[in-house]
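The values are calculated or read from the model by the stated rules, or taken from the named source; none is laboratory data. The shown structure was predicted, so the numbers you read here are calculated from the model rather than taken from an experiment. Cβ placement follows ideal geometry from the backbone for every residue including glycine, while neighbour counts extend to all protein chains displayed.
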């Protein structure tokens, strides 16, 4: 039987993790400083799980998965018997340090304490804790139940065996962990996304393309390949002799482009990009569009699973 998991923080990220772990057979205890948040998170799971079942994206029934998600009244109740704690509280270092100190004082010595932080280093979160050896970052892409990549980031003192245990647990839950060798600002995914966003802002600021045209370039171009093969495999397949041949042909072009100056994201270009986006999608429609995004991701996940069976990975 799979070990219980405690999800600490029941907002957008915490509720997604609850679905991930519950569909994998874990009993999930949800706790939040806001006593109403766990029930709201469970209600969200009750809405999403039948959609996942309909699309064949879970290996159990929606009813069974939902039954595994239980609000907890106290931290002690949430952590009782848990082998993994997934913290998803507010993204601020003082908040993270405070909650990790509380978790470290309550959790059993072999319980992993993982933060969903997207930017705070695990060393900054866990420094000074008696149990810092079992602390790490496990950063998902939202929503985690539809996007399987997650970054496992160790602090310098994190036990490698606990990193591997967590990676194994995540793989069993249908996730695809990025097991980092050591911590770095931005981890892997935000550093990649940041590089792309820097260039996207630059193209709009300099008047080369509109925000919509840049989005077309990604969603109708690069992202179609990147949704099933990454950038290294993409270029490996884009030259007759593989990746070395590609580098020999095109590295000079990319090196020349990299010499361009940066752009102030918060400058005048932000006004233009925001105006373009709000013209395309009013602010009061963001939540509806987010729900649309989730259902499109469900359909894409179902398609990829079907194609992998019919065509192969």
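Just for strands (runs of 3 or more DSSP E) wholly inside the range 114-220: which have at least 1 residues that are exposed (fewer than 14 other Cβ atoms within 10 Å of the Cβ)?
176-179
Applying the condition of being outside any helix (DSSP H, G or I) and touching a helix residue (DSSP H, G or I) at 6+ places or on another chain (Cβ under 7 Å) to the range 21-42 and asking which residue is surrounded by the most Cβ atoms within 10 Å (Cβ to Cβ) yields 28.
For the range 258-276, the criterion of being within 28 Å of the chain's Cα centre (by Cα), closer than 30 Å to residue 148 by Cα and loosely packed, with under 11 Cβ neighbours inside 10 Å is met by none of the residues. Listed by position, the helices (runs of 4 or more DSSP H) enclosed by the range 43-109 that each have at least 3 residues that are at pLDDT 95 or above and in contact with a strand residue (DSSP E or B) (Cβ under 8 Å, 6 or more places away or on another chain) are 75-79, 93-106.
Residue 100 fulfils the conditions (1) over 27 Å from residue 291 (Cβ atoms); (2) surrounded by fewer than 16 Cβ atoms within 10 Å (Cβ to Cβ) except for a single criterion, (2).
Taken over the range 1-28, residues that are under 17 Å from residue 78 (Cβ atoms) and more than 20 Å from the chain's Cα centre (by Cα) amount to 4.
Return a yes/no flag: does the range 266-279 have any residue that is out of contact with any helix residue (DSSP H, G or I) (no Cβ under 6 Å at 6 or more places or on another chain), within 30 Å of residue 59 (Cβ to Cβ) and in a helix (DSSP H, G or I). There is no residue in the range 266-279 that is out of contact with any helix residue (DSSP H, G or I) (no Cβ under 6 Å at 6 or more places or on another chain), within 30 Å of residue 59 (Cβ to Cβ) and in a helix (DSSP H, G or I). For the range 190-202, indicate whether the set of residues that are touching a residue at least 12 places away in the same chain (Cβ under 8 Å), in contact with a strand residue (DSSP E or B) (Cβ under 8 Å, 6 or more places away or on another chain) and closer than 23 Å to residue 17 by Cβ is non-empty. Checked the range 190-202: no residue is touching a residue at least 12 places away in the same chain (Cβ under 8 Å), in contact with a strand residue (DSSP E or B) (Cβ under 8 Å, 6 or more places away or on another chain) and closer than 23 Å to residue 17 by Cβ. Between residues in the range 155-177 that are on the phi > 0 side of the Ramachandran plot and not assigned by TED's automatic domain parsing to the domain that holds residue 119 and residues that are assigned to a strand (DSSP E or B) and modelled with pLDDT of 95 or more, which pairs lie under 8 Å by C-beta distance while being six or more apart or on different chains? Listed by first residue and then by second, the contacts come to nothing, as the list is empty. Of all the listed residues (94, 64, 59), the sole one being without any contact (Cβ under 8 Å) to a residue 24 or more places away in the chain, closer than 30 Å to residue 299 by Cβ and surrounded by fewer than 21 Cβ atoms within 10 Å (Cβ to Cβ) is 64. Could you list, in sequence order, the residues of the range 221-233 that are free of Cβ contacts under 8 Å to residues at least 60 places away in the same chain and part of a loop (DSSP other than H, G, I, E, B)? Selection gives 229, 230.
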